[in-house]
Number of protein chains: 2
Amino acid sequence: MSNILIVGCGLIGSSILRAVNNKKIFKNIFILEKSKKNISIIKKLKIKCKIVNNIKNISTNIDLVILCTPMSQYSKIISKINKLANHKTIVTDVGSTKELISKNMKRKLKKNISWIPSHPITGSEVSGPQHGDKNLFKKKWCVLIKEKSFNKSHLSKLQSFWKKLGSKVIFMNSKQHDIIFSITSHLPHLIAYNLVKTATDFEKQKKYNLIKFSAGGLRDFSRIAASNEIMWRDIFFNNKKNMISAINLFINNLNSFKKDINLSKNKEIINKLIKTKKVRKKIVLLKQDTSKPDFGR
Amino acid sequence: MSNILIVGCGLIGSSILRAVNNKKIFKNIFILEKSKKNISIIKKLKIKCKIVNNIKNISTNIDLVILCTPMSQYSKIISKINKLANHKTIVTDVGSTKELISKNMKRKLKKNISWIPSHPITGSEVSGPQHGDKNLFKKKWCVLIKEKSFNKSHLSKLQSFWKKLGSKVIFMNSKQHDIIFSITSHLPHLIAYNLVKTATDFEKQKKYNLIKFSAGGLRDFSRIAASNEIMWRDIFFNNKKNMISAINLFINNLNSFKKDINLSKNKEIINKLIKTKKVRKKIVLLKQDTSKPDFGR
């Protein structure tokens, strides 16, 4: 592959830009970006690339198109990609939900274009190209969606692309992907938003100044709840069915905790609290976090 | 004040030990600790102090007794403190709930002993004296419970003690304290436990290997849910009434989010997500966290 087009150059897009530049993976890097603020930040990186504000301005063949905009913007761009791409082009993305998006993309993209969704499991609560990092994908999972109809050689090219960026690639189907991440990522984010909302509602209602005492727990949730709202609205809406079952399971468990607390059920509550500690050990063992204690920052 | 007795020398107790030793606040430091493992760790610190396993073995007057055990153990120790303490003694603690505990302590402690509860807002998910730190209280809030009946000179002595450890002291009544921390600390911990429980239930139910993808959000909750189970059971049970209302408020808000997602209520959800971002800014402004982005560890 010699030419890449990065569509949308925020935190993830600009991290891909930095990484492909660092590893010299492509001859030509094209960037589609409309925000003047983002363009000026990208230019300061002094990376050899062509920034365009319209796909029409690209006259070369593109081997890899990678969509890094919020998912709600994909549909706007498909017709333009249809004009640019050919049977050699792989179109992928970095979005956090797969089933619905993939269905739409397959319907709207020209039949001869390879659509293979990706999902690098990385990021932060901040947005924008100023926070990009060439090592953002290093040692992180990247999920590739695999379907029988997909071009095997393209799938293997895309896999090798992510490996060059340092990712550990894993294959799933879109249904499986959306179920797994509804629990490990989408529900935790909704819960963080909901907890912060509950605290502010409470602050208003009781007229207490709560937030200044947030070091005791609320602080950590507020960080997660500071993530980009457009991105998260898109995720919640695109993974609606799984979100609803995850919320229901969560509320059932919370009601059971409430009952244990109300009736001072000692054994039941201790059992539950001990079991969650074991999960923590597993997470550290699987290198999803370090065991270093956190005393706040 | 010349003599201090630290009852229970885990994370908090051993941090107080390190801090009072460092600042040379007392002539004599006594420690009541029964765990052999903890005693051997404390001895390795080479701090001049007397470790006893029974209060009977202390023959000196104690000016400050500070309870650092789980709250469920306070009642076991009161009769012994009654024998040791006199009208000059201040008895305080570091527990996370105040109303119920304070009522019990006032009933059981001899009338001439000053009971003034403290709550330093600090700590970590780890336990044990090996994790103690002389700077644990530095620049952190310490809530002191203030009631009309309290001895003013003792209150001011206790305030000065925490200030010497670097804490910012703030006064509240116990009711106010328990309401505020039910939202900023107790509910967030319960929610973290509940989220991790939901993920493991889900993993069992669907037979998916979820935990290895926990970097997308679950990771951060699992850290909070790794905290000491005895301590948290005591907190949940001792702050029952406020916990139940906090849980109810949380579930109401979550049901409203569920409805927004189910009906794709764009404006409603964006509004909610933007508002929580503002809270984050306030938390950083109030120096409860730094604004440094977190990309995982």
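Computed values, structure above
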| read-out | value |
| --- | --- |
| Region A:168-189, subset more than 7 Å from chain B (Cβ to nearest Cβ), polar (S, T, N, Q) and in a helix (DSSP H, G or I), residue farthest from residue A:230 (Cα to Cα) | A:176 |
| So residue B:29, is it modelled with pLDDT of 95 or more, crowded, with 18+ Cβ neighbours inside 10 Å and β-branched (Val, Ile, Thr) | yes |
| Test set (1) over 22 Å from residue A:209 (Cβ atoms); (2) free of Cβ contacts under 8 Å to residues at least 24 places away in the same chain - residue B:92 fails condition number | (2) |
| Residue match in region A:218-227 (condition: buried (at least 22 other Cβ atoms within 10 Å of the Cβ) and touching a Leu at 6+ places or on another chain (Cβ under 6 Å)) | yes |
| Every residue from region B:138-167 that is within 24 Å of residue B:24 (Cβ to Cβ), charged (D, E, K, R) and assigned to a loop (DSSP other than H, G, I, E, B) | B:138, B:139, B:140 |
| Any pair with Cβ under 6 angstrom, 6 or more apart, that starts in region B:233-258 at a residue that is closer than 19 Å to residue A:187 by Cα and ends at one that is charged (D, E, K, R) and in a helix (DSSP H, G or I) | B:247/A:258; B:253/A:197 |
| Filter pass, residue B:96 being buried (at least 18 other Cβ atoms within 10 Å of the Cβ) and not in a helix (DSSP H, G or I) | yes |
| Odd one out for residue A:192 among (1) closer than 15 Å to residue A:94 by Cα; (2) facing chain B (nearest Cβ under 9 Å) | (1) |
| Any chance residue A:146 is assigned by TED's automatic domain parsing to the domain that holds residue A:54 and surrounded by fewer than 18 Cβ atoms within 10 Å (Cβ to Cβ) | yes |
| Test: residue B:11 is surrounded by 22 or more Cβ atoms within 10 Å (Cβ to Cβ) and farther than 23 Å from residue B:138 by Cα | no |
| Set A:218, A:210, A:165: member being of a type in the set (A, V, I, L, M), more than 8 Å from chain B (Cβ to nearest Cβ) and more than 26 Å from residue B:208 (Cα to Cα) | A:165 |
| Any chance residue A:221 is among the aromatic types (Phe, Trp, Tyr), within 22 Å of the chain's Cα centre (by Cα) and modelled with pLDDT of 95 or more | no |
| Unique residue being touching a residue at least 24 places away in the same chain (Cβ under 8 Å), farther than 19 Å from residue B:42 by Cβ and of a type in the set (Gly, Ala, Ser) when the list is B:59, B:75 | B:75 |
| Search result, residues across region A:179-218 that are within 28 Å of the chain's Cα centre (by Cα) and among the hydroxyl-bearing types (Ser, Thr, Tyr) | A:182, A:184, A:185, A:193, A:198, A:200, A:214 |
| Of residues in region A:1-59 being charged (D, E, K, R) and part of a loop (DSSP other than H, G, I, E, B), the one nearest to the chain's Cα centre (by Cα) | A:33 |
| When residues of region B:276-296 are limited to those that are loosely packed, with under 15 Cβ neighbours inside 10 Å and not in a helix (DSSP H, G or I), the one modelled with the highest pLDDT | B:287 |
| Scope region A:259-275; condition β-branched (Val, Ile, Thr) and surrounded by fewer than 17 Cβ atoms within 10 Å (Cβ to Cβ); matching residues | A:270, A:274 |
| Members of region A:237-265 that are more than 7 Å from chain B (Cβ to nearest Cβ) and part of a helix (DSSP H, G or I) | A:238, A:241, A:242, A:245, A:246, A:248, A:252, A:255, A:256, A:259, A:260 |
| Qualifying positions in region B:195-207 - more than 7 Å from every other protein chain (Cβ to nearest Cβ) and among the charged types (D, E, K, R) | B:203, B:204, B:207 |
| Breaking point among (1) in contact (Cβ under 8 Å) with a residue 24 or more places away in the chain; (2) part of a helix (DSSP H, G or I); (3) in contact with a Leu (Cβ under 8 Å, 6 or more places away or on another chain); (4) within 18 Å of residue B:12 (Cα to Cα), for residue B:130 | (3) |
| Residue list for region B:105-127, filter: among the small types (Gly, Ala, Ser) and more than 10 Å from chain A (Cβ to nearest Cβ) | B:114, B:118 |
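The values are calculated or read from the model by the stated rules, or taken from the named source; none is laboratory data. Please read all numbers here as calculations on a predicted model, not as lab measurements. Because the Cβ atoms are built from the backbone with ideal geometry, glycine has one as well, and the counts that use them run over all protein chains shown.
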